[in-house]
Amino acid sequence: MGPTDSAAASERYVAAYESTQFQDLRRRSNTFIVWASVIFYGWWFVGIALAAFVPEIYRTGLGGPMNVGLLFLILSFALVAVVTVAYMRYASTRLDPVSERIRADLEGGLR
């Protein structure tokens with residue numbers, strides 16, 4: 001692979017990066033990441049604010065050894081699972097098809 005092959009490959013990747021398909025892929029990915037982050041960090045901010053300013057709310061019993069604090073913790077783990085599943089579904093339906101088209105354009109008939 002000579003310098004001209006390397007330059008041609010470099011130009012091809014720069015063109016792919018600047019393509020509308022790749023920019024759309026990045027926009028879609030970043031949109032999901034921003035919304036998931038807002039939801040997740042918002043949930044944690046509410047939890048921390050409640051613990052700081054209204055700590056007795058976490059001590060409220062719900063029956064047996066369960067209280068609001070433990071429920072908040074369990075729901076936090078559930079939120080992580082929900083965000084993970086949502087991202088996997090979003091990626092397989094909205095991101096993967098576009099990335100496969102970009103890969104096919106870059107690799108040509110190599111695959």
Next item on the list: Relative to the longest principal axis of the C-alpha atoms of the chain, give the angle of the C-alpha long axis of helix 3-18, reported between 0 and 90° and rounded to the nearest 10°.
Entry: 40
Note to self: Compute the helix-to-body angle for 68-90: its Cα long axis versus the longest principal axis of the chain, expressed 0 to 90° and rounded to tens.
What the structure shows: 20
Next item on the list: With r as the distance between the Cβ atoms of F53 and Y90 and R0 = 41 Å, compute the FRET efficiency 1/(1 + (r/R0)^6) and round to 0.05.
Entry: 0.75
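Once the piece of chain linking Q21 and F40 is laid out straight, how much longer is it, given 0.36 nm per residue of separation minus the C-alpha distance between them?
Extra length available between Q21 and F40 comes to 4.0 nm.
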Next item on the list: Evaluate the relative contact order of the stretch 3-110 (contact order divided by residue number), counting alpha-carbon pairs under 8 angstrom at least 6 apart; express in whole percent.
Entry: 36
Note to self: With N set to the number of residues, divide the alpha-carbon radius of gyration of the chain by 2.2 N^0.38 Å and report two decimals.
What the structure shows: 1.73
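Read the figures in this text as sums done on the coordinates, not as results from a lab. Being a predicted model, the structure only gives us computed values, none of them experimental. In this analysis, Cβ positions are derived from the backbone assuming ideal geometry, glycine residues included, and neighbour counts consider all displayed protein chains.
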